[in-house]
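Below: one structure, written as structure tokens.
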Amino acid sequence: MEKTSNTPKMLFEYILQLADNQLILAQRLSELCGHGPALEQDIAITNISLDLIGQSRLLFQYAGKLDEQHRNEDQLAFLRPEKEYRNLLLVEQPNRDFAHVVLRQYLFDEFNFLNYSGLTNSKDEELAAIATKSLMEVKYHLRFSKNWVLRLGDGTAISHRKMQDALNNLWMYAGEMFEKTAIERDLVKAGIAVDVEQLMPTWKESVMSTLKEATLNIPEGGWYQSGGKKGVHSEHLGHLLAEMQFMQRAYPNLTW
């Protein structure tokens, strides 16, 4: 597929999808600042949140260049209604406990690493540059979350139970990562986007190996929740956005 007059609009939607994943997960992690299980983990989680915010900024800045409404990064991040967010359902799930936090992070990190690795070869030079710049941070995030899945899963009886509960609750959201939208299909043909369907075997192999080492059991059944990429979200996103967007909505165009 050659680039057409619709390519900038499709690219805008695709970039928002990537940016929203980073932003919403960053917001979730930021809620834990000062509430981590120990100082070291508290600082690490906060740093990951800041990394994700930085990655989302690069994407929102690029999206702003393509936006027909000429919105800037702050307007795109803070002034859209819930139905216009395209993030995965997984990243908006609440921080029930530390086990849920690291398991959610790990499932996403394995995907994010593969996706960004592929995007470094995108025919869109700016998107490829953003992916290349972000990839080192993504590798660190994956190392951190994988390490904690292993430590907690194969740790004490209590930590193992909490990790298994987290896996049972979050596994249903993993399948959406590999669901292609119509826009993604067209951008894959154009050599711009990554074919997420083709990432699943590698992702699954890595995740299965980690979970086996962590002595965790994969929930049975192939059904999964979806809708986030189409703007259909869980009730949790509305509460998150109400807090995240408060300052911009209360004081429009506020700057520090």
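Numbers at a glance
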{"quantity": "Positions within segment 179-222 being among the hydroxyl-bearing types (Ser, Thr, Tyr), over 21 Å from Gln105 (Cα atoms) and surrounded by fewer than 14 Cβ atoms within 10 Å (Cβ to Cβ), in sequence order", "calculated": "none"}
{"quantity": "Among residues of segment 125-163, those that are under 17 Å from Tyr62 (Cβ atoms) and touching a Phe, Trp or Tyr at 6+ places or on another chain (Cβ under 9 Å), counted", "calculated": "7"}
{"quantity": "Selection count, segment 87-119, where residues are under 15 Å from Tyr62 (Cβ atoms) and of a type outside the set (Phe, Trp, Tyr)", "calculated": "1"}
{"quantity": "Residues (in a helix (DSSP H, G or I) and without any contact (Cβ under 8 Å) to a residue 12 or more places away in the chain) located in segment 55-74", "calculated": "Lys65"}
{"quantity": "Identity of the residue in segment 223-246, touching a residue at least 60 places away in the same chain (Cβ under 8 Å) and of a type in the set (A, V, I, L, M, F, W, C), that ends up surrounded by the most Cβ atoms within 10 Å (Cβ to Cβ)", "calculated": "Leu237"}
{"quantity": "Where Lys9 falls short, out of the listed (1) of a type outside the set (Asp, Glu); (2) within 24 Å of Glu179 (Cα to Cα); (3) crowded, with 21+ Cβ neighbours inside 10 Å; (4) free of Cβ contacts under 8 Å to residues at least 60 places away in the same chain", "calculated": "(3)"}
{"quantity": "Positions within segment 205-221 being part of a helix (DSSP H, G or I) and hydroxyl-bearing (Ser, Thr, Tyr), in sequence order", "calculated": "Ser206, Ser209, Thr210"}
{"quantity": "Hey, Thr156 at pLDDT 95 or above, surrounded by fewer than 13 Cβ atoms within 10 Å (Cβ to Cβ) and farther than 15 Å from Gln93 by Cβ or not", "calculated": "yes"}
{"quantity": "Matching residues, segment 39-70, being among the polar types (S, T, N, Q) and within 18 Å of Arg28 (Cα to Cα)", "calculated": "Gln41, Thr46, Asn47, Ser49, Gln55, Ser56"}
{"quantity": "Residue in segment 41-54 that is over 21 Å from Met163 (Cα atoms), at pLDDT below 95 and not in a helix (DSSP H, G or I) present", "calculated": "no"}
{"quantity": "Condition met for Lys83 (assigned to a helix (DSSP H, G or I) and loosely packed, with under 15 Cβ neighbours inside 10 Å)", "calculated": "yes"}
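The values are calculated or read from the model by the stated rules, or taken from the named source; none is laboratory data. All of these numbers come straight from a predicted model, not from anything done at the bench. Positions of Cβ are generated from backbone atoms using ideal geometry, with glycine treated the same way; all protein chains shown enter the neighbour counts.
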